[in-house]
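As structure tokens, the structure follows; a few thoughts come after it.
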Amino acid sequence: HLYALMAGESQDLSRSTSEMYLETWEPWYLRWSYEENRESHYWKIAEHVARVHGFSLDGWALATQKRRLQRAIDEGGLRQQKLYESSREMASRLQSELLRNWPKLQHPYTRSFLDLMQARAPEIAAAIRDKADYRRLVAMQDDLDRLNQKQSSLERETTQIDKVIRMKRLARIEKDFQRFASNEEKRHFDRLLECENGVFFR
């Protein structure tokens, strides 16, 4: 799990049961603590991810960068929607033109459709390729593919910022937990760690 946190590049931010326990345990009055815990393995993960992706470890800088990325994602989402709607309208126009010329295309699971395709498939394919709207549709779909890839990249980068923020927070909570948690809470936490490490019997 810790290696996945350090090396993972997906849009998903994995969470272990022990980490969720720490976050749930944290009292409200400790949530405004800014004391760092640089010895924690969570802090070292935050440092590694920040270094690999060129992020600052400063909380304000991370929040600013996340807002910038979110604006880019929102703007890209609007472009995606417009491109998608335009491509659907163009595809619908092309389909209507084809059906006017070859009405049997409307019923693809019939004998008449098969007969038509066997007799005139090259002619139909050439007619489609020759249409300017078809070429524009292909260009739109290529643009949409590139935009989808860019959006995914931005979302993965946002996840890495979230990871750095969360690892820093877990490092701080971990230190507070050792100082303020009860013995029973610490025993329960240790049992969770043992389960995660595959230790079921002692």
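Odds and ends about this structure:
- For the range 48-146, the list of trypsin sites (Lys or Arg not before Pro) that fall in a loop by DSSP and count at most 16 other C-beta atoms within 10 angstrom reads Lys131.
- Each residue, Ser10 and Asp58, gets one label point 7 Å from its Cα in the Cβ direction; the gap between the two is 3.4 nm.
- Packing-based exposure ordering (other Cβ within 10 Å, fewest first) of Trp102, Trp43, Trp32: Trp32, Trp102, Trp43
- Lys pairs, the chain - Cα-Cα below 24 angstrom, 8 or more residues apart or on other chains: 15
- Shown for the range 93-196 is the translational diffusion coefficient from the Stokes-Einstein equation, using the Kirkwood radius over Cα pairs, a temperature of 20 °C and a viscosity of 1.002 mPa s: 107 µm²/s.
- Treating each Cα of the chain as an identical point scatterer and summing with the Debye formula, the log10 of I(q)/I(0) at q = 0.10, 0.12, 0.16, 0.18 Å⁻¹ comes to -0.65, -0.75, -1.06, -1.22.
- Residue-by-residue Karplus 3J(HN,Hα) for the range 109-124, coefficients 6.51, -1.76, 1.60, Hz, glycine and proline x: 9, 10, 5, 5, 5, 4, 4, 4, 5, 5, 8, 9, 4, x, 5, 5
No value in this document is a laboratory result; all are computed from the given coordinates. As the structure is a prediction and not an experimental result, all values here were calculated from the model. In this analysis, Cβ positions are derived from the backbone assuming ideal geometry, glycine residues included, and neighbour counts consider all displayed protein chains.
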